[in-house]
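To keep things clear, I will list the structure first and then write my remarks on it.
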Amino acid sequence: MSMSHGPGQAWWETHLDAIEREGIGTKAYAQREGLPVSSLYYWRRRLKVQKSNSPQPDKPASGAVARQFVPVKLGDGGYAAATGSVGHYVLTLGEGLRLELPGLPTPQWLAQVRQALTERGR
């Protein structure tokens, strides 16, 4: 008689991807699908460890951050031009990400940048 070990890694990855794609909480997803929430958390941790231990193809092996310059032109609505702030501002966001700005941005613009980076998973 063979012993069943339950669903494999790919099966759990499918569920974890669905949670992220749907933007639903892990506990709510587990209840909806009739899955043990502890198993979802276990597999999420296990897969995260696997990914952090495996070499990433888009990152240099030396540990140096890959550099890429991406120029972006924005309308002047995000800068406090009315206050007369002129100059060169650098916003360092971590992981080697840097924004060079021609003027002082408004708090609303900075909040939008933060939101966009959060949604992107940075």
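The values are calculated or read from the model by the stated rules, or taken from the named source; none is laboratory data. All values reported here derive from a predicted model rather than from experimental measurement. With ideal geometry, Cβ positions are generated from the backbone for all residues, glycine too; neighbour counts draw on all protein chains shown.
Looking only at the range 10-36, count how many residues are of a type in the set (A, V, I, L, M, F, W, C) and without any contact (Cβ under 8 Å) to a residue 12 or more places away in the chain.
Quick first cut of the range 10-36, residues of a type in the set (A, V, I, L, M, F, W, C) only: 10-12, 16, 18-19, 24, 28, 30, 35.
When the remaining residues are screened for being without any contact (Cβ under 8 Å) to a residue 12 or more places away in the chain, the result is 10-11, 18, 24, 28, 30.
Within the range 10-36, residues that are of a type in the set (A, V, I, L, M, F, W, C) and without any contact (Cβ under 8 Å) to a residue 12 or more places away in the chain number 6.
In the range 16-47, what residues are part of a loop (DSSP other than H, G, I, E, B) and closer than 23 Å to Glu119 by Cα? Even if it seems obvious, please write down each step before you answer.
Of the residues in the range 16-47, the ones part of a loop (DSSP other than H, G, I, E, B) are 23-25, 34-36.
Residues satisfying the conditions are Gly23, Ile24, Gly25.
Name the pairs: first residue in the range 37-52 and over 11 Å from Glu13 (Cα atoms) and modelled with pLDDT of 90 or more, second residue surrounded by 10 or more Cβ atoms within 10 Å (Cβ to Cβ) and among the hydrophobic types (A, V, I, L, M, F, W, C), Cβ to Cβ under 6 Å, at least 6 apart or on different chains?
Final answer for the pair search is Val37/Ala30.
List pairs: first in the range 102-113 and in the same structural domain as Leu91 (by TED's automatic domain parsing) and in a loop (DSSP other than H, G, I, E, B), second of a type in the set (A, V, I, L, M) and surrounded by 13 or more Cβ atoms within 10 Å (Cβ to Cβ), Cβ under 8 Å, 6+ apart or cross-chain?
Gly103/Ala80; Gly103/Ala81; Leu104/Ala80; Thr106/Ala80
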